[in-house]
Amino acid sequence: MPGGAQPGSPLDPPAGWARSPEMVLVRHGETEWSKSGRHTGRTDVPLTEHGRQEARHLGVALDGRSFAHAWCSPLSRASDTFELSGVDAPVEILDDLLEWDYGDYEGVSTAEVRRTISDWSVWTHPVTGGESVEAVGERADGVIARLLEVGGDTVLFAHGQYLRILAARWIGLPAEAGRLLSLDTAAVSVLGYERETRVIRRWNQSGYAGESNHRR
């Protein structure tokens with residue numbers, strides 16, 4: 001997929017809209033692993049009670065807006081966040097919204113890996129037994145194309161690293177540029193257009209007045 005929308009491409013805003021549609025991204029609430037900084041890919045770690053409180057407060061950040069459709073990762077930390085948020089929209093569970101497959105680094109923090117590889121980062125080093133950052137970017141590209149077929153505002157409930165990559169791809173940056181976009185638990189972000197240019201309209205907005213939670 002090209003880095004930016006080209007005239008006549010599937011990523012152009014749908015014809016006939018008074019304004020261009022927006023994609024709202026919601027990261028799931030806190031889990032024990034996100035709290036401790038462990039890489040949480042495909043392991044189905046549930047929300048903590050704090051994470052459930054974060055999810056209930058998402059209505060503040062979402063400001064009561066309505067959506068043509070909702071997409072959600074199949075993992076319970078994302079689906080429970082959706083249910084607790086109070087969003088009223090038809091929802092589809094989508095495997096392509098699963099978090100990055102961290103392979104051998106699943107359940108391990110960056111600090112632990114750096115005891116043996118001093119400059120290690122999931123963004124810059126091979127992910128043995130898992131997905132490359134480029135592979136996650138390809139999944140995100142496919143989701144972007146599907147979402148824009150809806151013809152209205154959509155909301156995605158998914159995972160931190162995945163949503164950072166999706167946002168980078170939305171604005172035409174390589175997948176690894178997602179490392180520049182920090183994203184807290186239960187944070188809301190908005191992707192949209194300025195005229196024909198794809199932009200990030202809002203990033204990492206929390207509806208909960210608690211401590212931010214982003215460690216890895």
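Ranked by how many other Cβ atoms sit within 10 Å of their own Cβ, fewest first, the residues Asp141, Asp63 fall in the order Asp63, Asp141. Restricting region 13-88 to trypsin sites (Lys or Arg not before Pro) that sit in a DSSP loop and have at most 11 other Cβ atoms within 10 Å of their own Cβ leaves Arg19.
Restricting region 62-158 to GluC sites (Glu not before Pro) that sit in a DSSP loop and have at most 16 other Cβ atoms within 10 Å of their own Cβ leaves Glu149. This model, with +1 at the C-beta of Lys and Arg and -1 at the C-beta of Asp and Glu, gives the chain a dipole about its Cα centre of some 540 debye. The Stokes-Einstein estimate for region 23-206, based on a Kirkwood radius over Cα pairs and taken at 25 °C with 0.890 mPa s viscosity, is a diffusion coefficient of 149 µm²/s. The Cα center of region 164-179 and the Cα center of region 88-113 differ in position by 16 Å.
Here region 23-206 carries DSSP beta bridges of which approximately 50% are antiparallel, counting only pairs with both residues inside. Among the trypsin sites (Lys or Arg not before Pro) within region 147-205, those in coil by DSSP and having at most 10 neighbouring Cβ atoms inside 10 Å are Arg195. Mean sequence separation of contacting Cα pairs (under 8 Å, at least six apart), scaled by the length of the chain, corresponds to a relative contact order of 33 percent. Helix content alone sets the calculated 222 nm mean residue ellipticity of the chain: runs of n ≥ 4 DSSP H residues at -39500 (n - 2.57) each, divided across all residues, give -7500 deg cm²/dmol. Sorted ascending by nearby beta carbons within 10 Å, beginning with the fewest, Thr81, Thr128, Thr40, Thr154 become Thr128, Thr154, Thr40, Thr81.
Read-outs: derived from the displayed coordinates by stated rules, not from any lab. On a predicted model such as this, the values are computed, not experimentally measured, just so you know. Heads up, the Cβs are rebuilt from the backbone with ideal geometry, glycines too, and the neighbour counts pull from every protein chain shown.
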